[in-house]
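The values are calculated or read from the model by the stated rules, or taken from the named source; none is laboratory data. Model, not experiment: these values are computed from the prediction. Because the Cβ atoms are built from the backbone with ideal geometry, glycine has one as well, and the counts that use them run over all protein chains shown. The accessibility values were calculated without ligands, DNA or RNA, using every heavy atom of the protein model including side chains. Shrake-Rupley method; radii C 1.70, N 1.55, O 1.52, S 1.80 Å.
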Amino acid sequence: MDFTNVTKALTARGFKVSSFETAKEAAEYLNSQIDGATVGFGGSITLEELGLLKMDFLGLRNLTVLDDAVKTVQKTQPGFKLADIPENDPETYEMLAAGKTSGVFQLESSGMTGVCVSLKPQNIEDITALIALYRPGPMESIPKFIACKHDPKKVTYLIPQLEPILSITYGCIVYQEQVIQIFQQLAGYTLGQADMLRRAMSKKKVKDIEKERGAFLHGDPSRGIKGCIANGISESAAQAIYDDIYAFANYAFNKAHAAAYAVIAYQTAYFKCHYTREYMAALLTSVLDNSDKVAGYIGECRDCGIALLPPDVNRSSDRFTVEPEGIRFGLVAIKNIGRGFIQSVVRERERGGDFRSLQDFCDRMYDCGDMNKRAVENLIRSGAFDSMGARRSQLLAVYEKMLDAIGNVRRVNVEGQMDFFGMGGSSSAPEAVELPNLPEFTAAERMHMEREVTGLYLSGHPMTDYRAAARNSGAVTLNEILEDVSAEEGATRFGDGQSVTVAGIVASVKTRPTKSGTLIAYVMLEDETASMELLCFSKVLDRCGSYLSVNTPVLVRGRLSLRDEKPPQIMPDTVYPMDGEAAPPEGVKKKEDSSTAAIYLRVRSLDDPAFEHIQLVATMFEGQVPLRIRIADTGKLWGGFCLDHPAFLKECREWLGEENVVVRKK
């Protein structure tokens, strides 16, 4: 290809190459210029008709995962190379056949996992066919493909001439290249002619396809095509073959593409099988911005017997790293902790050894420029100092005092410890801060702290203690629903409007008034595997709203809502607390014992939107606690009753401000 006077036009992932004159004419036709460059915008067919060669370059996250895993392995095996792994490792294929495909490129969806279990791939060719078949259209051939693989007697060919072309795929048309071979070997097309017909089929150019049927059957002397009949194939067989190809070509997959994907799939599977910790650490690092995927892969690590070690200022790097005991959590996943600060921590650790205490850490890192009180607080909350023996409750009580003391000493030293003769004075060191004797936070409180600063539960999951009870109540995991409805072949277990039972922890609650004046709540529920939104209407809120507070474990029964334009939701019919307390019967408001004498609020005026909102919110927290709302502009007092619930008080403070909410105790 001559690249003289070549112009490149920009797309999301494609380059179009042509002679300069053609590209310029195309850009003028498409009326597009960017920063003075000749740039073409348009559909691929239009661009091709204008004489442009389009090439797509796909970037895959999994290639980075493999590269990171290889580098980790090389720390203990310096000579290790990705190219050195065996091509047909029996243990890897046994893992795939057992359905352990989580984290394996292209094979980890629930549908693909099921096909792997049924097919039991034994080589790259099987994986290649699986990737090509698992698409709309060819998917219908999967049962036949699997049956013929396991029982060669079931393999049949419409005519003997198809055997050398289709034998590798057990009599099924799987690849575009097989379509081209059929046109070439049965009807006498050249490879170029065969590819043009394949492209016409894939783009559903009906007129061209029907016009070409005659040439396939009877030939076309003007183009040097003999036709099937001239090659000894009956007209009925040729018609049937052409119909089969036409039906398949709409969805045909390029074998070169499928084979490249299959190689990457095999490599990721091999690493998961033989270098599980190294691979899972690289995989977790690659999805740090997706908490659902991180949670899923952490669960997979636990299933593989790999411990997830908490963040530690003396052990952690910026990414997930491999240790003999398991995989260490990366510090970059902690909020308000930047890579620059982490690199400074690692350098100081290498220079001066492990940090001995929180005060030692603060003293040595104080001058790095990236450390602040929020960063230190989040490190404590995440458990990054747990290995030093102090309780999180103790450290949270004194870390600000430590930083202030260190800052004061630094300031005194800088301002000048100089004597009268200008001789340098000695620098002082901050006095040791004594840790108060405070009880440690409960396990649940520590887990919620971790969730707040990392988006994940690190030392456990609050649902673990309730999972058996949830299972006994018929609850499915949220990931089971999400995997099923997102499967490429369509949902098989769950459908729109289907009744489901789930259990999880309430992660967040947002309320909003409707046009009719009632209240609706958007509740994010999460379990050990995933998260899903609950859409709660006023009827449910009236009965069960008091249970929908953040960090509360609940059992939810409701209907699944599946809409193409939004993620799956559940519309609850009932919500039950999982703390051993029974849910109230329908239509009966539960009376709550409370130590609160009254709740006092203040709003600007009767027209204040916050006043209307708080009135609506109060309807979902019905109780016996007096509620008094002072109208500031008139001085009048509005009265009612409510439930003294943390979620209600939080809503009041968010809408009115802390200074306008007062809770008086008995």
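In the chain, helices alone account for a calculated mean residue ellipticity at 222 nm of -13000 deg cm²/dmol, with every DSSP H run of four or more residues adding -39,500 (n - 2.57).
Accessible surface of the chain, 1.4 Å probe: 50 percent of it comes from carbon and sulfur atoms. The value of relative contact order for region 94-200, using C-alpha pairs under 8 Å at least six residues apart, is 16 percent. Accessible surface computed residue by residue for the chain, with neighbouring protein chains in place and a 1.4 Å probe, gives 50 Å² per residue.
Add +1 for every Lys or Arg and -1 for every Asp or Glu among the other residues with Cβ under 13 Å from the Cβ of D68, and state the total.
So the environment of D68 carries a net charge of +2.
May I ask which of K272/K293; K149/K205; K149/K226 have a Cα-Cα span longer than 27 Å here? List each step's numbers first, then the result.
Details: K272/K293 16 Å; K149/K205 34 Å; K149/K226 34 Å.
Those over the limit are K149/K205; K149/K226.
For a straight C-alpha distance cut-off of 13 angstrom, the aspartates and glutamates reachable from K650 (same-chain residues fewer than eight places away being disregarded) are E658, E659. For R602, the residues whose modelled amide H falls within less than 5 Å of its own, excluding neighbours fewer than 5 places apart on the same chain, are R630.
Suppose R0 equals 60 Å; then what is the FRET efficiency for E431 and F57 from their Cβ-Cβ distance, rounded to the nearest 0.05? Intermediate results must be reported in sequence, preceding the final value.
Working: r = 61 Å, r/R0 = 1.01.
My answer for the efficiency is 0.50.
Quick check: residue separation of E659 and N123 times 0.36 nm, minus the Cα distance between them. What number comes out in nm?
Numbers: separation 536, 0.36 × 536 = 192.96 nm, distance 6.84 nm.
That pair, E659 and N123, stretches by 186.1 nm at full extension.
Charging the Cβ of each Asp and Glu at -1 and of each Lys and Arg at +1, and nothing else, the dipole of the chain about its Cα centre rounds to 860 debye. Separation of region 485-558 from region 324-395 is 37 Å, based on Cα centroids. Label positions at T442 and S508, each projected 7 Å from the Cα along the C-beta direction, are separated by 2.5 nm.
Listed by chain and number, the aspartates and glutamates placed with their C-alpha closer than 18 angstrom to that of K515 are D542, D607, D608, E612; residues fewer than eight positions away on the same chain are left out.
Counting only other residues whose beta carbon sits under 13 Å from that of R356, what net charge do I get with K and R as +1, D and E as -1? Write down the numbers at each step before the final one.
Numbers: positive: R349, R364; negative: E348, D354, D360, D363.
Within the 13 Å Cβ shell, the charges total -2.
Over 29 Å apart at the Cα level, from the set K539/K566; K71/K100; K636/K665, is no pair at all. Based on the reciprocal of the average 1/r between different C-alpha atoms, the Kirkwood radius for region 198-306 equals 18.3 Å. Taking a ≥ b ≥ c as the square roots of the eigenvalues of the Cα gyration tensor, an a/c ratio of 1.5 or more together with a/b larger than b/c marks the chain as prolate.
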